[in-house]
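Working notes, beginning with the structure itself.
The values are calculated or read from the model by the stated rules, or taken from the named source; none is laboratory data. All values derive from a computational prediction rather than experimental measurement. Cβ coordinates were reconstructed from backbone atoms using ideal geometry, including for glycine residues, and neighbour counts include every protein chain displayed.
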Amino acid sequence: MITVFIVDDHSLFRLGTRYFLENNNLPVKVLGEADSGYDLFVKLKQLKELPQMILLDILMPDMSGVEVLEKLRELYPQIKVLVLSSETAFATINKMMNIGIEGFISKAAPYHDLVGAIVSISEDVPYFGCDISRIINCVGAIKGGVTIAPTAREREVMLYAASGLSGKEIADKMNISLRTVDKHKNNIFTKFGFKTSMDMVNFAVHHGIIKL
């Protein structure tokens with residue numbers, strides 16, 4: 001089971017998210033909730049078992065999501081963080097990525113995106129919702145190159161896929177499951193807006209991931 005902890009100052013949102021995760025036969029266990037950053041750190045000290053992942057809002061009263069994230073990285077670097085927020089300004093997304101998050105989805109996203117994000121992140125595959133990726137890449141194009149970068153794992157998948165290896169061959173090379181390879185590929189296509197495998201190859205060549 002993937003253990004998570006929900007941090008959001010809106011009680012209806014917390015309750016709705018918890019109800020969905022606990023009542024749809026999902027591989028997810030909610031260890032608790034907090035309505036603020038202060039409340040989160042008090043409760044983390046009281047838990048017998050730390051959550052694998054925190055679902056974190058940004059706009060909260062006593063500590064912002066950015067401040068909570070900074071403290072989490074200092075005190076609990078092993079906990080993965082999925083940002084789940086209505087605040088989707090590029091500056092905020094970029095700042096949280098620089099501090100270190102495993103994923104970011106908008107509160108407007110459907111619940112199946114939340115499930116996909118939790119499962120992907122639990123398998124060490126970063127997850128950024130389609131709308132979040134579009135914001136990052138659109139602003140990057142306007143500012144001249146400030147774009148989201150592939151993770152080390154994604155670069156490996158790009159390299160092997162562009163070299164003509166099948167999904168199974170990539171899985172064997174990277175010592176991961178075929179399902180995880182597929183998740184990496186789907187995440188790459190979503191993150192960078194690729195339509196075809198050739199788009200990915202061209203990107204890999206242009207950014208020096210593979211050399212012709």
- Message: Please determine whether any residue of the range 71-90 is under 25 Å from His184 (Cα atoms), hydroxyl-bearing (Ser, Thr, Tyr) and in the same structural domain as Asp124 (by TED's automatic domain parsing).
- Response: yes
- Message: Residues that are modelled with pLDDT under 80 and closer than 30 Å to Ala91 by Cβ, at least 1 per element: which helices (runs of 4 or more DSSP H) completely within the range 120-194 meet that?
- Response: 130-143, 152-162, 178-192
- Has the range 182-203 got any residue that is on the phi > 0 side of the Ramachandran plot and touching a helix residue (DSSP H, G or I) at 6+ places or on another chain (Cβ under 9 Å)? yes
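Being closer than 22 Å to Met96 by Cβ and without any contact (Cβ under 8 Å) to a residue 40 or more places away in the chain is the filter here, so list the residues in the range 11-20 that pass it.
Hit for the range 11-20 is Arg14, nothing else.
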- Item | Search result, residues across the range 1-48 that are among the basic types (Lys, Arg) and more than 20 Å from Ile121 (Cβ to Cβ) | Lys43, Lys45, Lys48
- Message: Can you tell me how many residues within the range 19-42 are under 21 Å from the mean Cα position of the chain (by Cα) and either closer than 13 Å to Leu84 by Cα or hydrophobic (A, V, I, L, M, F, W, C) (or both)?
- Response: 8
- Message: Can you list residue pairs whose Cβ atoms sit under 7 Å apart, with the first residue in the range 34-58 being in the same structural domain as Thr17 (by TED's automatic domain parsing) and the second being charged (D, E, K, R) and part of a strand (DSSP E or B)? Count only pairs 6 or more apart in sequence or on different chains.
- Response: Gln52/Lys80; Met53/Lys80
